[in-house]
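Contents: one structure, followed by commentary.
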Amino acid sequence: MNHLLTEFVQLLRGARIDIGPVQTADAARALAAVGVTDRERVRRALAATLVKSQDQRATFDACFDRYFQVAGMPAAAEADDDAATDDATPEGDASTASPAAMPVSGGGLVRELESGDTAAVEARLAEAMAEADVASARHWTQTGVMTQRVRQALDLQAVDDAIRDRRAAGQAADQLAAGRAALDRRIRARVDQRVRLQAEAQAWTFRDRVLRQTPLSALDRRDQARMRELVQRLARRLAARHGRRRRRRDRGTLDARGTLRASLRWGGVPFRPQWKSRRRDRARVVVLCDVSQSVRGQAAVLLPFMHALQDVLPEVHSFVFASEPVDVTALFQRHHPAQAMEEALARYGNGSTDYGGTLARFDAVTDRLIQRQTTVVILGDGRNNYGDPGLPALERIAGRARELIWLNPEPERSWGTGDSEMPAYARRCTEALRCRTLRDLEWAVMELLRRTA
């Protein structure tokens, strides 16, 4: 059953459900506790350990029904095998050994097909599919090869020889031939469906990999919905990673006096240790996004990404601009990040870019917001239409903030060409990073989380 669990987890990952080694180990322990003879108990145990939200449950149930319809439940056959051994003949008689204990060979399969032992045949088929390594198939064109491998693992040639020998001897072989034909149809159906499941999961994984490397400005409408799902997955993954790290850091140094005082309510037993920690000002992240036509593709991903990390980032304030900055923090608090971003783009995404006026106005309206524990993130291409770049305002912002990070969607070789003021901006920032693809954005956000957590 372990190889089935591993394959099922791979299928769930392909269906865009994030599952790590810890969840897989929990699922294995849950199956060991509840057993694998009851299909619904298996479903509930796997759902409890692998599903993280109610939104994922429908996808999980669909994958479970499709996969275990193909894979079968070998343990159910084992239960029937145990019952069959009650009527076993003396030891050493291989004809009465349980099917699970017999090797995958034609002789045992002949008896099972003739007797109509469906559970034993299912167990053999599951074994043969594992032996043939059907799980390694990644494309539907491999269906024929995998089907032939399963037939060889089951040794169907031995069944064909038995049918031919019986007919040559004038013995009845119709029931065995019918069982052989039904098994062959089952093999083709099972392998076809398993390969299609794996190919589908592989296709989603490949598409995600491509999307993470595709320039955000080049995404079409068909990819935008998928990109939103991918951003949510990355945000959940980063939140889980940095959330655990931040909790470990909150322990500090043992406060002996505080622990003794707290233990009085339990008769002096220190059930709840108290910890000393250096008081720190609350960290804050302020994001300023260019939403003009040239950068709106990146902005449409960055702001939802940042607000999806609200459980990890201490405090996020968002501003968008084309010609002047507008505070959209309340907009993201009222609506889903994707919906809020669409509304922000529709309202404020028009007009020519004015970095000089925007930075001066942003400096004025964030005088109290940007302080020594504030990280400022600016997303923009730094192209100012040959206007005033607003460098004094950027210097004042950098002077008040703990860090100033500039994310630019253009390659570094383009910085300083034409109307780009990026080299001057970069010299006044703590760090200037390229942010052209989702992979670039993910790395930048990971750095931001590492510094603010």
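Just a few scattered comments:
- For D388: the one exception among (1) part of a loop (DSSP other than H, G, I, E, B); (2) over 17 Å from R427 (Cα atoms): (2)
- Condition check for E412: out of contact with any Asp or Glu (no Cβ under 8 Å at 6 or more places or on another chain), more than 20 Å from L441 (Cβ to Cβ) and in the same structural domain as V316 (by TED's automatic domain parsing): no
- In the stretch 423-438, the residue that is surrounded by the fewest Cβ atoms within 10 Å (Cβ to Cβ) out of those that are at pLDDT 90 or above and in a helix (DSSP H, G or I) is R427.
- Just one residue in the set S414, S420 is surrounded by fewer than 19 Cβ atoms within 10 Å (Cβ to Cβ) and free of Cβ contacts under 8 Å to residues at least 12 places away in the same chain; that residue is S414.
- The residue list Q148, Q193 contains one member that is out of contact with any helix residue (DSSP H, G or I) (no Cβ under 6 Å at 6 or more places or on another chain) and under 30 Å from R13 (Cα atoms), which is Q148.
- So A344, is it among the hydrophobic types (A, V, I, L, M, F, W, C), in contact with a strand residue (DSSP E or B) (Cβ under 8 Å, 6 or more places away or on another chain) and assigned to a helix (DSSP H, G or I): yes
- Residues of the stretch 339-366 that turn out to be surrounded by fewer than 20 Cβ atoms within 10 Å (Cβ to Cβ), farther than 15 Å from D290 by Cα and at pLDDT below 90, as a count: 1
- Residue that is surrounded by the fewest Cβ atoms within 10 Å (Cβ to Cβ), among those in the stretch 177-190 that are of a type outside the set (G, A, S) and under 21 Å from L11 (Cα atoms): R188
- Residue in the stretch 423-434 that is within 16 Å of D290 (Cα to Cα), touching a Pro at 6+ places or on another chain (Cβ under 8 Å) and basic (K, R) present: yes
The values are calculated or read from the model by the stated rules, or taken from the named source; none is laboratory data. Since the model is a prediction, treat every value here as computed from it, not as a measurement. FYI the Cβ positions are ideal-geometry reconstructions off the backbone, even for glycines, and counts take in every protein chain you see.
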